[in-house]
Amino acid sequence: MAASCSTFPFLAQSEFEGACQDLADRCTSAQNIGWPAIRLLTKSDGTSLRITKYVDVSSSREVPALEDLEDSQDEDPEALVRATPQPSLQIDYDILLSPTYQVPILYFGLKWHNHGPLGLDEVYQYVVPERYRQELKSVGVMGGISMGYHPDSGAPAFCVHPCNTADAMANIADAQSVTPGSYLLIWLGLVGHCVNLHVPRELFA
């Protein structure tokens, strides 16, 4: 039986890395979990986990009416091409250990073919389920989701701030029974559902 977390509700670096490996292994053995790709990223200063998924946004995009497109084509033949929505939005979720808070932290970036950088408005429109939008926006001055720089790549990225993670974990989990592997799954269930990253039930088997 795996040992419980040594510093609960926090997570030691070695425990975090073991939990990432465990989650990657679970995803490899499970099938049809809805995550097209999951990768363990190992660097000299630590390990992180990347989960990639795609969100269908064609139904939520504002598509101009056909007659509007025909009118605009008279003035701009390329209007129809530009107005055609891309069917899916790629989201790369990176799970790292926060050196400040000693808990996992979720960074994520959005990629949309032939589209410029997407801002926080698009995150709330396409990534955050409607029932969580107000809750996230009301957390702190900047909101539960903020924009900064990815600590590994240095590229602009969004993150779910980890300041309340330890308290949340302490309130819902038993220190004696939580292993690093179950800690990461519980945490991912807490944080992920707010940003369209739902934990497949197969991973809890």
Subset of segment 32-51 [of a type outside the set (D, E, K, R), assigned to a strand (DSSP E or B), out of contact with any Phe, Trp or Tyr (no Cβ under 6 Å at 6 or more places or on another chain) and touching a residue at least 24 places away in the same chain (Cβ under 8 Å)] | 41, 46, 47, 48, 49
Single residue of segment 5-20 satisfying the filter (surrounded by fewer than 18 Cβ atoms within 10 Å (Cβ to Cβ) and touching an Asp or Glu at 6+ places or on another chain (Cβ under 9 Å)) that is nearest to residue 99 (Cα to Cα) | 7
Hits in segment 21-61 (condition: touching a helix residue (DSSP H, G or I) at 6+ places or on another chain (Cβ under 7 Å) and surrounded by fewer than 13 Cβ atoms within 10 Å (Cβ to Cβ)) = 60
Kindly indicate the residue of segment 174-190 that is among the hydrophobic types (A, V, I, L, M, F, W, C) and open to solvent by 20 Å² or more (accessible area, probe 1.4 Å) and also farthest from residue 120 (Cα to Cα) among those meeting that condition.
-> 175
Name the pairs whose Cβ atoms lie under 7 Å apart, with the first residue in segment 180-193 and farther than 16 Å from residue 136 by Cβ, the second at pLDDT below 90 and open to solvent by less than 10 Å² (accessible area, probe 1.4 Å), and 6 or more positions between them or separate chains?
-> 185/203
Regarding residue 140, is this residue at pLDDT 85 or above, more than 17 Å from the chain's Cα centre (by Cα) and at positive phi?
-> no
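The values are calculated or read from the model by the stated rules, or taken from the named source; none is laboratory data. Owing to the predicted nature of the structure, the values given are computational and were not obtained by experimental measurement. Positions of Cβ are backbone-derived with ideal geometry, glycine not excepted, and every protein chain shown enters the neighbour counts. Areas reflect the complete protein model, heavy atoms only, side chains present, ligands, DNA and RNA absent. Shrake-Rupley method; radii C 1.70, N 1.55, O 1.52, S 1.80 Å.
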